[in-house]
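What follows is one structure encoded as structure tokens, with my remarks underneath.
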Amino acid sequence: MKKTASTLANWIEFPVLLAGLVIAAGLWAFEELMEVARATTPHAFDTEILLAFRKAGQPDSPIGPLWLEGAMRDITSLGSGSVLVLIVAAVIVYLLLIRRPATALFIFVAVAGGQVLSSLLKAGIDRPRPELVSHLVNETTLSFPSGHAMLSAVTYLTLGALASRFLHGRTTKIYVLALAVLTTLLVGISRIYLGVHWPSDVLAGWCAGFTWAILCWLTARAWQRWRGQAYGDSETED
């Protein structure tokens, strides 16, 4: 009994408990946002924030100087499918070249799984794009959740967590993870600024993306621990 309790304590550590709390919070928040998305009329929360990114009485004119619109277009491309595929493909090829196939497979499954989940959620909710303001970029897919917000969260957080494993020093690790979070947040904000998503779409994308990324991290961590025990705590790297 004591041995079982000790083993359980070794597996359930503070980072795991914290991750579990984040997952629970993410799922709860996503469910609440789904209710907002399914409402027949836009929520005041959505309309007020969306209009806050437009000049008063001019829904076709975004706030800020002219260069800001161009900057937002550039930032939003960091969450586009083509850019994310290019980044992930480059990382996977690199990992294969240095003979880390398990890590390469993990990244592929995490990002590809996030893409499939995003598509399923969009089809299930079936929310149209906002018509309250003009769209500053062309989009043809459904609105909820924001694919850019969700997939940037999945991709950049997964890559950030992976990179932090090979870095030395807590400050450097925090910097890399903070950069991943900041990039994800900026991509989501750009979607609202460009008028192609309701704020609740972006929040839901962040919730789903963060939750999926943490689930993938927990799975990879459990797999690595299992490998360590299965092979007598020998080298568990690829």
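The values are calculated or read from the model by the stated rules, or taken from the named source; none is laboratory data. None of the values given here were measured: they were computed from a predicted structure. Because the Cβ atoms are built from the backbone with ideal geometry, glycine has one as well, and the counts that use them run over all protein chains shown. Remember, those area values only see protein heavy atoms, side chains included, never the ligands or the DNA or RNA. Shrake-Rupley method; radii C 1.70, N 1.55, O 1.52, S 1.80 Å.
Among the residues of this structure, Leu194 does not count as one that is of a type outside the set (Ser, Thr, Tyr) and either modelled with pLDDT under 90 or open to solvent by 10 Å² or more (accessible area, probe 1.4 Å) (or both).
In this structure, Leu27 does satisfy being touching a helix residue (DSSP H, G or I) at 6+ places or on another chain (Cβ under 9 Å) and within 21 Å of Gly124 (Cβ to Cβ). Taking segment 57-89 as the range and being within 18 Å of the chain's Cα centre (by Cα) and over 17 Å from Val187 (Cβ atoms) as the test, only Ala89 passes. Evaluating Gly169 against the criteria (1) surrounded by fewer than 22 Cβ atoms within 10 Å (Cβ to Cβ); (2) of a type outside the set (Ser, Thr, Tyr); (3) touching a Ser or Thr at 6+ places or on another chain (Cβ under 9 Å) leaves one unmet condition, (3). Could you give me the residue pairs with C-beta distances under 7 Å whose first residue belongs to segment 96-109 and is closer than 16 Å to Tyr156 by Cα and open to solvent by 40 Å² or more (accessible area, probe 1.4 Å), whose second residue is at pLDDT below 90 and assigned to a helix (DSSP H, G or I) wherever it lies, and which are 6+ apart or on separate chains? Pairs that qualify, where the first residue is closer than 16 Å to Tyr156 by Cα and open to solvent by 40 Å² or more (accessible area, probe 1.4 Å) and the partner is at pLDDT below 90 and assigned to a helix (DSSP H, G or I), are Phe106/Ala220.
Say we look at segment 44-60 and pick out the residues that are assigned to a helix (DSSP H, G or I) and hydrophobic (A, V, I, L, M, F, W, C); which of these is nearest to Leu194 (Cα to Cα)? If we take residues in segment 44-60 being assigned to a helix (DSSP H, G or I) and hydrophobic (A, V, I, L, M, F, W, C), then Leu50 is nearest to Leu194 (Cα to Cα). Screening the candidates Ser164, Ser152 for the property of being more than 18 Å from Leu78 (Cβ to Cβ), open to solvent by less than 20 Å² (accessible area, probe 1.4 Å), of a type outside the set (Val, Ile, Thr) and part of a helix (DSSP H, G or I) yields one hit, Ser164.
Within segment 75-103, if we keep just the residues that are of a type outside the set (Ser, Thr, Tyr), in a helix (DSSP H, G or I) and at pLDDT below 90, the residue that is nearest to Ser119 (Cα to Cα) turns out to be Gly81. One residue alone among Trp212, Trp226, Trp217 is assigned to a helix (DSSP H, G or I), within 15 Å of Gly147 (Cα to Cα) and either modelled with pLDDT under 90 or out of contact with any His (no Cβ under 6 Å at 6 or more places or on another chain) (or both), and that residue is Trp212.
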